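What follows is a single structure, written as structure tokens, with notes after it.
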Amino acid sequence: MKIAFIQTKAECSLGSMYIAASLKDEAHSRVFIQSLESNLFEAIDIYNPDILAFSAFTGEYKDLLALNKLIKKRKHIFSVFGGPHPTYSPGLISDEGVDAVCCGEGEFAMLNLIRALKNDTDYFNIKNFHFKTKSGEIIKNQISCLIENLDILNFPDRDIYSNYFHIEWFRNNIMKRIITGRGCPFNCSYCHNHIFRKIYQGQGRYVRVRSVRNVISELTYLKSKYNLTDFDFIDDIFGMK
């Protein structure tokens with residue numbers, strides 16, 4: 001099975017890389033960046049994916065919806081929208097061309113979906129998803145528990161961007177982002193965290209931190225593989241622990 005992660009901007013997505021890493025034994029994944037492709041639609045045709053995956057922020061979701069429609073005019077492909085905007089606005093499932101919306105943490109939700117699609121079994125009850133049936137019916141499933149132990153997750157699969165590694169500035173920039181935990185201990189009204197807390201209320205400990213050993217293992221792995229000289233920690237609060 002093949003998954004195409006579709007982006008408009010030339011930047012890395014830790015969310016996509018974490019999800020691709022969780023699916024590595026079940027599917028082949030790669031990223032398609034519209035701004036770096038001479039012809040995005042021909043490139044996707046050649047790859048011939050089974051799933052289109054979009055990670056959407058609020059400021060870009062309309063562009064991604066439009067891209068999804070154009071791609072699916074050429075060939076019907078199962079499309080999944082995830083990331084911040086679909087998590088907070090799952091009503092996106094009602095938009096034309098959207099087959100599924102993944103809310104919240106997507107690593108195990110997407111893994112369950114891929115396995116169901118590969119085995120041609122019913123997937124409409126998978127948690128964290130809203131689905132649209134062929135008849136247009138909307139199915140809204142419950143959120144699953146937060147991932148308690150972040151150390152069980154595979155390191156982000158940065159090779160899904162390897163098609164663009166010949167571009168030096170992109171290759172050098174894409175390797176540096178690291179996150180050592182999830183969640184924030186504060187509940188500021190202007191931040192997304194207070195909404196995320198409500199979504200996951202009663203579904204496990206909100207603030208979780210990777211072990212020191214796990215983080216250092218990723219850093220040494222990246223330094224060895226990509227000869228890095230610095231890293232960019234993007235935690236909400238890096239000095240939390």
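The values are calculated or read from the model by the stated rules, or taken from the named source; none is laboratory data. Keep in mind that what you see is a predicted model, and the values were worked out from it rather than measured. Please note: Cβ atoms are built from the backbone with ideal geometry, for glycine as well, and neighbour counts cover all protein chains shown. Ligands, DNA and RNA are excluded from the accessible area calculation, which covers all protein heavy atoms including side chains. Shrake-Rupley method; radii C 1.70, N 1.55, O 1.52, S 1.80 Å.
Data overview
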{"quantity": "Residue within region 202-223 that is over 24 Å from LYS24 (Cβ atoms) and without any contact (Cβ under 8 Å) to a residue 24 or more places away in the chain present", "calculated": "yes"}
{"quantity": "Of the criteria (1) under 26 Å from ARG74 (Cα atoms); (2) crowded, with 18+ Cβ neighbours inside 10 Å; (3) not aromatic (Phe, Trp, Tyr), which one GLU105 fails", "calculated": "(1)"}
{"quantity": "Tally, over region 184-209, of residues that are open to solvent by less than 20 Å² (accessible area, probe 1.4 Å) and either touching a Leu at 6+ places or on another chain (Cβ under 9 Å) or in a helix (DSSP H, G or I) (or both)", "calculated": "3"}
{"quantity": "Selection from region 221-241 of residues that are open to solvent by less than 100 Å² (accessible area, probe 1.4 Å) and either at pLDDT 95 or above or not in a helix (DSSP H, G or I) (or both)", "calculated": "LEU228, ASP230, PHE231, ASP232, PHE233, ILE234, ASP235, ASP236, ILE237"}
{"quantity": "Residue within region 145-156 that is in contact with a helix residue (DSSP H, G or I) (Cβ under 8 Å, 6 or more places away or on another chain), on the phi < 0 side of the Ramachandran plot, at pLDDT below 95 and not aliphatic (A, V, I, L, M) present", "calculated": "no"}
{"quantity": "Hits in region 58-77 (condition: under 20 Å from MET110 (Cα atoms) and open to solvent by less than 30 Å² (accessible area, probe 1.4 Å))", "calculated": "LEU64, LEU65, ASN68, ILE77"}
{"quantity": "Failed item, numbered, when ASP50 is tested on (1) open to solvent by 20 Å² or more (accessible area, probe 1.4 Å); (2) closer than 22 Å to MET17 by Cβ; (3) free of Cβ contacts under 8 Å to residues at least 60 places away in the same chain; (4) in contact with a strand residue (DSSP E or B) (Cβ under 8 Å, 6 or more places away or on another chain)", "calculated": "(3)"}
{"quantity": "Test: residue in region 143-157 that is buried (at least 18 other Cβ atoms within 10 Å of the Cβ), farther than 15 Å from PHE78 by Cβ and in contact with a Leu (Cβ under 8 Å, 6 or more places away or on another chain)", "calculated": "yes"}
{"quantity": "All positions within region 155-201 that are in contact (Cβ under 8 Å) with a residue 60 or more places away in the chain, among the polar types (S, T, N, Q) and out of contact with any Phe, Trp or Tyr (no Cβ under 9 Å at 6 or more places or on another chain)", "calculated": "SER162, ASN173"}
{"quantity": "Hits in region 163-183 - residues which are open to solvent by 70 Å² or more (accessible area, probe 1.4 Å) and at pLDDT 85 or above", "calculated": "ASN163, HIS166, ARG177"}
{"quantity": "Pair list, Cβ under 7 Å, 6 or more apart: region 115-142 residue more than 23 Å from ALA20 (Cβ to Cβ), other residue open to solvent by 40 Å² or more (accessible area, probe 1.4 Å) and of a type in the set (A, V, I, L, M, F, W, C)", "calculated": "LYS132/ILE138; ILE139/PHE124"}
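Per-residue answers, yes or no, for (1) crowded, with 19+ Cβ neighbours inside 10 Å; (2) in a helix (DSSP H, G or I); (3) touching a helix residue (DSSP H, G or I) at 6+ places or on another chain (Cβ under 6 Å):
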| position | (1), (2), (3) |
| --- | --- |
| THR87 | yes, yes, no |
| ILE93 | yes, yes, no |
| LEU113 | yes, yes, no |
| ALA116 | no, yes, no |
| THR121 | no, no, no |
| PHE131 | yes, no, no |
| LYS134 | no, no, no |
